[in-house]
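The values are calculated or read from the model by the stated rules, or taken from the named source; none is laboratory data. Quick caveat, the model's predicted, so the values are computed rather than measured. Cβ placement follows ideal geometry from the backbone for every residue including glycine, while neighbour counts extend to all protein chains displayed. These area figures cover heavy atoms from the full protein model, side chains too; ligands, DNA and RNA do not enter into them. Shrake-Rupley method; radii C 1.70, N 1.55, O 1.52, S 1.80 Å.
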Amino acid sequence: MDTIFYLASCDTCRKIIKSLPKNNLVFQDIRQEPITAQQLDDLQKLAGSYEALFSRKAQLYKSRDLKNQKLTETDYKNLILEHYTFLSRPVFVIGGKIYIGNSAKNVEAVIKALS
């Protein structure tokens, strides 16, 4: 099932969603419906690592001084499951392919995949 993991309160996510062509995406607001361990494992298989799904822009990343710690794949997984802000957003899964983040290049690829 084609899915978007996003935050409804995130202005960037809302802007990207508005720019999408008509689609049949399943929308999962990760604040209202937290990502499950199984979903995260599935995303990791597509992305290649938990680190690829991890957001270093999260305020908790800075406040916990995580940049000065050596994080393992297990740490990345546990942090994402612990708090939704650690998931890089938005994450799209379309046709079995994953698109992570809000870069212009990534958004273009998502729009192309949905067209």
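Which entries of Lys22/Lys67; Lys22/Lys77; Lys62/Lys105; Lys77/Lys97 have Cα-Cα distances beyond 29 Å here?
Exceeds cut-off: Lys22/Lys67; Lys22/Lys77.
Take the Cα gyration tensor of the chain, multiply each eigenvalue by 5, square-root it, and list the three semi-axes largest first, rounded to whole angstrom.
Over the Cα atoms of the chain, the semi-axes work out to 24, 15, 13 Å.
Residues of the range 56-115: accessible area per residue at 1.4 Å, in Å²?
Per residue, the range 56-115 has an accessible area of 61 Å².
Angle check, please: helix 73-82 long axis (alpha carbons) against the longest principal axis of the chain (alpha carbons), in degrees 0 to 90, nearest 10.
Orientation of helix 73-82: about 70 degrees from the principal axis.
To test your reading of the geometry: what angle, between 0 and 90 degrees and rounded to tens, separates the Cα axis of helix 104-114 from the longest principal axis of the chain?
Long axis of 104-114 versus the principal axis of the chain: about 50 degrees.
Taking R0 as 25 Å, what FRET efficiency do you get between Arg64 and Ser9 from their Cβ-Cβ distance, rounded to the nearest 0.05?
My answer for the efficiency is 0.75.
How would you rank 105-111, 89-95, 47-53, highest first, on the average number of other Cβ atoms within 10 Å across their residues?
The peptides rank, most packed first, as 89-95, 47-53, 105-111.
Taking R0 as 35 Å, what FRET efficiency do you get between Ser19 and Asp75 from their Cβ-Cβ distance, rounded to the nearest 0.05?
Given R0 = 35 Å and the Cβ-Cβ separation, E is 0.55.
To the nearest 10 degrees, how steeply does helix 37-47 sit against the main Cα axis of the chain, on a 0 to 90 scale?
Tilt relative to the chain: about 70 degrees.
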